1. Taking θ = phi - 60°, what integer Hz values does the Karplus form 6.51 cos²θ - 1.76 cosθ + 1.60 yield along the stretch 133-143, in sequence order, with x for Gly and Pro?
2. When you count, for each residue, the other Cβ atoms within 10 Å and take the mean per peptide, how do 164-175, 198-209 rank with the highest first?
3. Exposed loop GluC sites (Glu not before Pro) only (DSSP loop, at most 10 other Cβ atoms within 10 Å): please give the longest stretch of the chain free of them, not including the sites.
4. What residue among PRO193, HIS243, SER180 has its Cα farthest toward the positive end of the dipole of the chain, where the charges are +1 on Lys, Arg and -1 on Asp, Glu, each on the Cβ?
5. With springs only between Cα atoms under 10 Å, which of VAL224, VAL181, VAL235 fluctuates most in a Gaussian network model of the chain?
6. Among the listed pairs LYS85/LYS202; LYS89/LYS202; LYS96/LYS202; LYS44/LYS179; LYS197/LYS225; LYS89/LYS173, give every one whose C-alpha distance is greater than 21 Å.
7. Using only the alpha-carbon atoms, how far is helix 232-241 inclined from the longest principal axis of the chain? Give it as 0 to 90 degrees, nearest 10.
8. Taking the Cα atoms only, what angle lies between the long axis of helix 2-28 and the longest principal axis of the chain, rounded to 10 degrees?
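Read the figures in this text as sums done on the coordinates, not as results from a lab. Note that the coordinates shown come from a computational prediction; the quantities given were computed from them, not determined experimentally. Cβ sites come from the backbone with ideal geometry, for glycine too, and all protein chains shown count toward neighbours.
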Amino acid sequence: MTTIFLFLITFLILSSCLPYLSKATFVSEVDDETPFTYVEGTGKGPKKWGEIDPHWKVCGSGKTQSPIDLQDRRVQVFPSLGKIKRDYKPAPAVVKNRGHDITVIWRGDAGDININGTDYKLLRCHWHSPSEHTFNGSRYDLELHVVHLSSSGEIAVIGIVYKYGHPDPFLSKMFHHIKSVGKEERNLGTVNPGVIKFGSRKYYRYIGSLTTPPCTEGVIWTVVKKVRTVSREQVAALREAVHDGFEANARPTQQSDGIAVQFYNPSGGST
Ligand SMILES: [Zn+2]
């Protein structure tokens, strides 16, 4: 009787560990793959990111972590922010499967955005589904992050949120590449970042963090107020392309009590 009991216990422990063991092996085999997940209970989920690597501590202890819920009743309207100044240009780009997301990287000079007189060079963009930022508690289907860097190493990210509807023109341009992208970089030829539509000139601005480890703080966030549309097929392609377990790759919203969120409306009104 005792033998059968022990056998059962051993079997249960082994079978519950195996999925994590195979995931860990898989993860370490892939370049750029990072040993974190979006699933709590795996030991590497969002609540544990700060404990996985000493360089990721701020994921757990940071006070200005992203994403956050953007609440209209909490924003301060700042007409002086001015409209988003972007000067993008077509440049050679590649698409890469980083395992936890699909990333487009511009290899040449793809232009920049200007915030408070500082230029931030366009580097790359990637997608999260569902959205990471939420608006008044509502989560949408997809979020694009367009990542920029200043000459002094400051990061500025533009976030654009999408719900299901008409296809997104930028994703349409590289749809077949995304569907078949493997571990290797895939050349996209010249990609015009000007195709990325912002959709409105209203936006939220706050200082937060990267939403994936190492969760670096001091990131200047610009989240466009307008919810744009993306087709179900486009979101499905992004989800299928990433590795198993990363189909949903949105970090939960973080505590935002200490974060001041500014809002810009070209007509000078509130949200
Ligand atoms: Zn992101």
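1. With the stated coefficients, the stretch 133-143 comes to 6, 10, 10, 6, x, 8, 9, 9, 8, 7, 9 Hz.
2. Ranking, from highest mean packing down: 198-209, 164-175.
3. Here the longest run is 30-183.
4. Positive-end residue among those listed: PRO193.
5. Maximum fluctuation in the GNM of the chain, among the listed residues, is at VAL181.
6. LYS89/LYS202; LYS96/LYS202; LYS44/LYS179
7. Result, in degrees: 50.
8. Taking Cα atoms only, the helix is inclined about 30 degrees.
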